Amino acid sequence: MSLELPLPHDLLAPPQLMRTEPLLTMRSISRRFGDVEALRDVDVTVYPGEVLGIVGESGSGKSTLLRMMNLEDTPDSGEYSLRLPGREDTNLFALDRYQRRMLCARHIGIVYQNPHLGLLMNHSSSGNVAERLLIAGERSFDVLRARAREALDASEFPLSRMDARPAELSGGMQQRVQLAKAIALEPALLLLDEPTTGLDVSVQALVLDTLKRLQRDRRITMVLVSHDLGVIRTMADRVMVMRRGRVVEQGLADQVFQDPQHAYTQQLVHAKL
Amino acid sequence: MSLAALTRPWAATSYGFLDASAKREIRRKMIKAIAVPGCQMPYASREVPMARGWGTGGLQVTLTLVNPRSVVKVIDQGADDGVNAASIRRFVSRVSGAAETWDTLAATIVQSRHRVPEEVMREDQVLVLQVPNPEPLRGVEPNISIARQMHADADYGKLWLTLYEQIVRKGRIMQGAAYPSLVNGRHVMTPSPIPRWDVPKLNMARHLTFLSAGREKRLFAVPPHTRVEPLVFSDRPYLVEDHADLVCRRSGISGYFMNELPQDDGTSAFEVSDSNLGIKAIRHAEGEAVEIGATWYRNGEMSQ
């Protein structure tokens, strides 16, 4: 690293974020469920290491969009690509079942609002984390055990309870198991679907604190969906506001919250604050 | 001119209890099963004069394979003289004209419940195992449609997970019988309720093995010279039952799978589970000329 001052043309260049290639690109995603238009022409870009918050009321299409990012659903039209080695130009919606499953298991982690969706409730917590590693082909018991412990530790789960079944754990702990499972394989992308909704406020703060620390330590790229502006404000670098299947406003978090442009965003921000 | 004059006189066109079309259907499924080792093939599972769950799956495969030149051995938990084994053997012989035997070396078809014979089987022999539950994923995925998708995706993470949890909870793998095994590097099968002792016998075996579940209407196969690898962690070796040092109280042989017989004083006595091997050993000790074939296990160690 040289310590020279940046040249003038560097000063005029777009900021670092803009020059990096996006990790996630979704183009003109549309999806209808019968008469309901869940998503219409939605474009998303997420840059490596940033946290994108998606806000919107119930039924605005934010969860549908997240399900698509996790390849659980396909749109009627649109393209989706992730900058993964060897997969730069692949439209992920065109992959077959098997390839999708392997890609999801290795490169995408997800934390659901409802832990029943993300966890095997009748297996141990460490087993839930180990299953991810087993799918990826790890066959050494000692390594599985050590890596499960490591991931649970990183998500600040009390290790004395690592072999308890998630069904016996509290909501906050279940979310931590989901988080450990999601980060066990060091995914390129971490999806969070209302991760703290339904937790009481103090636990919510602790889980957010863990997420924040993970983001800082590991520079994980996250997409966070929530209807809670407070959560988005704490976590997100950039915010996308959705309403009735469309993106009505997006920008840096502070910018959107301080100076909302769209009438709906204004309403949202003022109602909250 | 009557119709009778135009047709050949009636004669039996089929033998072996099942009608020709039923045999044909099972034969087609057997060929499919051989083509995709370890993959479960659904079949019709006809009525046979025996209750479902008593070996009807194995019986149908045997009846399809059998011909008047066959020699049939039937074992139930290793024994040839059990009621079920004796009845099935007599039935097969009566409907097909096949010869009956207790001797593994003499048999061409061996139908079995729970055991693979101790003597090594040859290329010209077929082993038919009666399977109660053909689906290895049943314990982890009750929905059979999803289980089939998991087989298609080779998604066996949950099976591995149950083994992981057995080690976590008990310090060792507790799965005693029907140990999940990967066939030909692709499909995981549950090899009937055979003990862990018998699973290595199927690996790269010279004989053909059919596993058939009559109640569940599924059959699968392990063709000759096919890999059968029990699912094990790389740092936790596969262990068979601890029977290497047990001595049979009747024949005095040791190093084979034993039946444990609880005694009144709280101790246990052991008898060799493959009863015909025990009988041969006793006859041999009495000076009769009996041929005892090579066994898979020698002195309690897997020899191949």
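Only the coordinates and a few stated rules stand behind these numbers; no lab work does. Everything numeric in this text was worked out from a predicted model, so none of it was measured. Cβ sites come from the backbone with ideal geometry, for glycine too, and all protein chains shown count toward neighbours.
Structure notes:
- Cross-link reach is defined here as a Cα-Cα straight distance under 13 Å, omitting same-chain residues fewer than 8 places apart; for A:K212 the aspartates and glutamates meeting it are A:E50, A:E156, A:D237.
- Relative contact order (%) - region B:258-302, alpha-carbon pairs under 8 angstrom, separation at least six: 22
- Rounded to whole Hz, the Karplus (6.51, -1.76, 1.60) HN-Hα couplings of region B:98-113, x for glycine and proline: 6, 7, 9, 8, 9, 8, 4, 5, 7, 6, 9, 10, 10, 9, 9, 10
- Contact order for chain A, expressed relative to its length and based on alpha carbon pairs under 8 Å spaced 6+ residues apart, stands at 24 percent.
- When each of B:V71, A:V111 is scored by the number of other beta-carbon atoms lying within 10 Å, the sequence from fewest to most is B:V71, A:V111.
- Cross-link table B:K23/B:K217; B:K73/B:K217; B:K23/B:K201, entries beyond 26 Å C-alpha to C-alpha: B:K23/B:K201
- A:V111 long-range amide H proximity, modeled H, under 5 Å: A:L191, A:L192, A:D193
- Region B:137-177: radius of gyration over Cα atoms, expressed as a fraction of 2.2 N^0.38 Å: 1.28
- Residues whose amide H falls under 5 Å from that of B:M258, counting only those 5 or more places apart or on a different chain, are B:S273, with hydrogens built in the peptide plane.
- Contact order normalised by residue count of region B:17-167, Cα under 8 Å, 6+ apart, percent: 19
- For region B:212-227, 3J(HN,Hα) per residue [Karplus equation, 6.51 cos²θ - 1.76 cosθ + 1.60, θ = phi - 60°, Hz, x = Gly/Pro]: 10, 10, x, 5, 8, 6, 9, 9, 9, 9, 10, x, x, 6, 10, 5
- Overall Cα dimensions of the protein assembly as shown, principal axis frame, Å, largest first: 102, 80, 47
- Summarising the strand pairing of the protein assembly as shown, around 55 percent of its internal DSSP beta bridges are antiparallel.
- Across peptide B:156-163, the mean count of Cβ atoms from other chains lying within 10 Å of each residue's own Cβ comes to 5.
- Base-10 log of normalised Debye intensity for region B:258-302 (one unit scatterer per alpha-carbon) at q = 0.18, 0.23, 0.26, 0.31 Å⁻¹: -0.69, -0.90, -0.98, -1.09
- Rounded to 10°, Cα long-axis angle of helix A:201-218 versus longest principal axis of chain A: 80
- Region B:1-104: chymotrypsin sites (Phe, Trp or Tyr not before Pro) in DSSP loop, at most 15 other beta carbons within 10 Å: B:W10
- Compactness of chain A is given as radius of gyration and Dmax, 19.3, 61 Å, from Cα positions.
- By the helix-only formula, in which each DSSP H run with n ≥ 4 contributes -39500 (n - 2.57) and the sum is divided by residues, the protein assembly as shown has a 222 nm mean residue ellipticity of -9500 deg cm²/dmol.
- Under 5 Å from the amide H of B:E241 lie the amide H atoms of B:R196, B:W197, each residue being 5 or more positions distant or on a separate chain, with H modelled from the backbone and absent for Pro and chain starts.
- Label-to-label distance, nm, for residues given as B:A5 and A:S202 (7 Å Cα→Cβ offset): 10.5
- Taking 19 Å as the straight-line reach from the Cα of B:K170, the aspartates and glutamates in range (excluding those fewer than 8 positions away in the same chain) are A:E131, A:D142, A:D163, B:D235, B:E241, B:D242.
- Student exercise, the protein assembly as shown dipole from Lys, Arg, Asp, Glu Cβ charges, in Debye to nearest 20: 1520
- Applying Stokes-Einstein at 37 °C and 0.692 mPa s to the Kirkwood radius of region B:116-207, computed over alpha-carbon pairs, gives a translational diffusion coefficient of 226 µm² s⁻¹.
- Chain B - share of DSSP beta bridges that are antiparallel (%, nearest 5): 60
- Chain B: proportion of alpha-carbon pairs further apart than 24 angstrom, %: 55
- Projecting the Cα atoms of A:T45, A:H262, B:V140 onto the charge dipole of the protein assembly as shown (Cβ charges, centred on the Cα centre) puts B:V140 farthest toward the positive pole.
- Sorting B:F220, A:F141, A:F33 by the number of Cβ atoms found within 10 Å of their own Cβ, with the fewest placed first, yields A:F33, A:F141, B:F220.
- Inter-chain shielding of A:118-131 (mean C-beta neighbours from other protein chains, 10 Å cut-off): 3
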